[in-house]
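Here, each number is a calculation from the coordinates, and none is a lab measurement. All figures in this text were calculated on a predicted structure; none of them were measured in a lab. Note that each Cβ is placed from the backbone with ideal geometry, even for glycine, and that neighbours are counted across all protein chains shown.
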Amino acid sequence: MRPNSQALKHGSSHDTEREFGGALGALCIPVSLPLTVLFLIGVSRSPEASVFQWPPPLPSTDQLWDPLALVLLLGWIALHALLYVMPLGKFHLFRRVPPVHPPPAPALSCVCFCPSGFHGLCVSCVLLLLLLVLGAPLGSLFELLVPLAACAIAASFLFSVYLYTRSFWVPSHALALGGNTGNPLYDFFIGRELNPRIGNFDLKYFCELRPGLIGWMVINLGMLMKEVELRGSPSLAMMLVNSFQLLYVADALWNEEAVLTTMDIVHDGFGFMLVFGDLAWVPFTYGLQASFLVVHPQALSPLGAATIIALNGIGYYIFRKSNSQKNQFRRDPTHSSVARLETIATATGKRLLVSGWWGIVRHPNYLGDLLMALAWSLPCGFSHLLPYFYVVYFTVLLIHREARDERQCRAKYGLAWDSYCRRVPYRIFPYVY
Ligand SMILES: NC(=O)C1=CN([C@@H]2O[C@H](COP(=O)(O)OP(=O)(O)OC[C@H]3O[C@@H](n4cnc5c(N)ncnc54)[C@H](OP(=O)(O)O)[C@@H]3O)[C@@H](O)[C@H]2O)C=CC1
Ligand SMILES: CC(C)CCC[C@@H](C)[C@H]1CC=C2C3=C(CC[C@@]21C)[C@@]1(C)CC[C@H](O)C(C)(C)[C@@H]1CC3
């Protein structure tokens, strides 16, 4: 096959609007975010745990490398790749037709079989239990965190270079709309190919849900075991953080088909942003509360714990119910659970919900997700900012994501989207935003 760069010269995507600050963002983000990961891990274990401390607690170069970390990381990815291709657990049969414009070529709309990610989580739990019974020092993950993060960052760069290079040999209809501007830096960052595959192995779908999300759980468990080593038993705060985040990851894997309709899978190319996000950013920054608690234990009253559990429960309820309502409506609008909801028609033939969860705000799922994010930080008390990093980052990410989604929906649904916005004026927080 001939490289597709010539075809692109005549294609339309050179004119697409650039996101994330364009070429400048594409230069700065791949430098600053890996440093941020190492910085945040350093802060979480430093005695002051202050994000404003100077000099910043960045690791020295010899702290970055440990061959064991590389072996563990590669072994972990290989294990999950194996579980992904093995005929394990429940199978989903779905017709994969990304709702993109222009419509995908037939090659992309094939029928896929995919084993459930939830079984990947269960197998990982069984293996971890076995390791614990055999006396494996899982608490050592605390010491290995920096070299593990460094390896994950290096692997993200190498993997993104591979993805960028191979994208020149795929047919041009397999390329993402936004990742083919002709600017190599920007295209490397956003990703040129939409759904890169090796045979039936979908690299983006695999990375989005398996090694990073489940790896995050393993790291959390490692932090809990470190606490046990140091203090004899896990604290209530650590148990809450571990359970809340486990619920979130288990839910994502149980409902893994839902990820197929997210903009990451349907619209964005698979480039450095998502690779790094999936393999390094999620596992090493989403669980910072647990590594913070190892060095900064927090006392939590039963009333405080009950309030935080209630907040997480409310957040989860809103997140799950609203996501399920939309997913059910998109799968089968005649289903009894959604058939009575009020909707408006759009020129594409698809309808938009204007009652139920999606009639309260335009992103009720984001609201639930943000309430959960707050509940993950509260067990760490109010003495430090670091445990609230996730809430702040996530608010910015979701506000930016909402704006991107809004642009895409306006382009897709035109006037119908405007009347939805008039009917449901608030985006995420009722009567606020
Ligand atoms: N933890 C994390 O780091 C992250 C978590 N998330 C979570 O992932 C989940 C999915 O988020 P995301 O993919 O961003 O977006 P949404 O699940 O909110 O999906 C947006 C899409 O839903 C459809 N839609 C919007 N409004 C309506 C309506 N009224 N009726 C019917 N369909 C509608 C549109 O697509 P169409 O019409 O084409 O179906 C729109 O493009 C969220 O819960 C979010 O919180 C997201 C990002 C990061
Ligand atoms: C590196 C940058 C700062 C930004 C990278 C963004 C990514 C970390 C996120 C983009 C969309 C994501 C989703 C989830 C995790 C984070 C990333 C990859 C998700 C898998 C989390 C669990 C949820 O239940 C979900 C709905 C399945 C999420 C889908 C989107």
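Before moving on, here are some points about what is shown:
- Based on Cα contacts under 8 Å between residues 6+ apart, the chain shows a relative contact order of 18 percent.
- Separation of alpha-carbon centers, the range 357-387 and the range 401-433, rounded to whole Å: 21
- Cβ-Cβ distance of residue 395 and residue 422, R₀ of 30 Å, FRET efficiency by 1/(1 + (r/R0)^6): the value works out to about 0.75.
- By the Cα gyration tensor, the chain has an equivalent ellipsoid whose semi-axes, rounded to whole angstrom, run 35, 27, 22 from largest to smallest.
- Electrostatic dipole magnitude of the chain [Cβ: Lys, Arg +1; Asp, Glu -1; Cα centre; debye, to 20]: 1320
- Longest stretch of the chain clear of exposed loop sites (trypsin sites (Lys or Arg not before Pro), DSSP loop, at most 14 other Cβ atoms within 10 Å, sites excluded): 91-339.
- The chain: most fluctuating residue of 187, 202, 332 per GNM, C-alpha cutoff 10 Å: 332
- Ordering 123, 398, 358 by Cα displacement along the dipole of the chain toward the positive end leaves 358 in first place; charges were set at the Cβ atoms of Lys, Arg (+1) and Asp, Glu (-1).
- The range 300-433 - charge dipole about Cα centre, Lys and Arg +1 at Cβ, Asp and Glu -1, debye rounded to 20: 500
- For the options 405, 268, 62, a Gaussian network treatment of the chain with springs between C-alpha atoms closer than 10 Å singles out 62 as fluctuating the most.
- R0 of 45 Å, Cβ-Cβ distance residue 257-residue 140: FRET efficiency to nearest 0.05: 0.80
- Of 397, 38, 260, the residue with the greatest mean-square motion in the GNM of the chain, using alpha carbon springs below 10 Å, is 397.
- The dipole here belongs to the range 318-367: it is taken about the Cα centre, uses +1 on the Cβ of Lys and Arg and -1 on the Cβ of Asp and Glu, and is about 120 debye.
- Estimated 222 nm signal from helices in the chain, with DSSP H stretches of n ≥ 4 weighted -39500 (n - 2.57), rounded to 500: -18500 deg cm²/dmol
- Sites excluded, GluC sites (Glu not before Pro) in DSSP loops with at most 14 other C-beta within 10 Å, longest stretch of the chain: 49-341
- In the range 327-386, the chymotrypsin sites (Phe, Trp or Tyr not before Pro) that fall in loop regions by DSSP, at most 16 other Cβ within 10 Å: 382
- Of the DSSP H helices in the chain, those that are both long (alpha-carbon extent of 30 Å or more along the helix axis) and hydrophobic (Kyte-Doolittle mean at least 1.0) are 22-45, 141-166.
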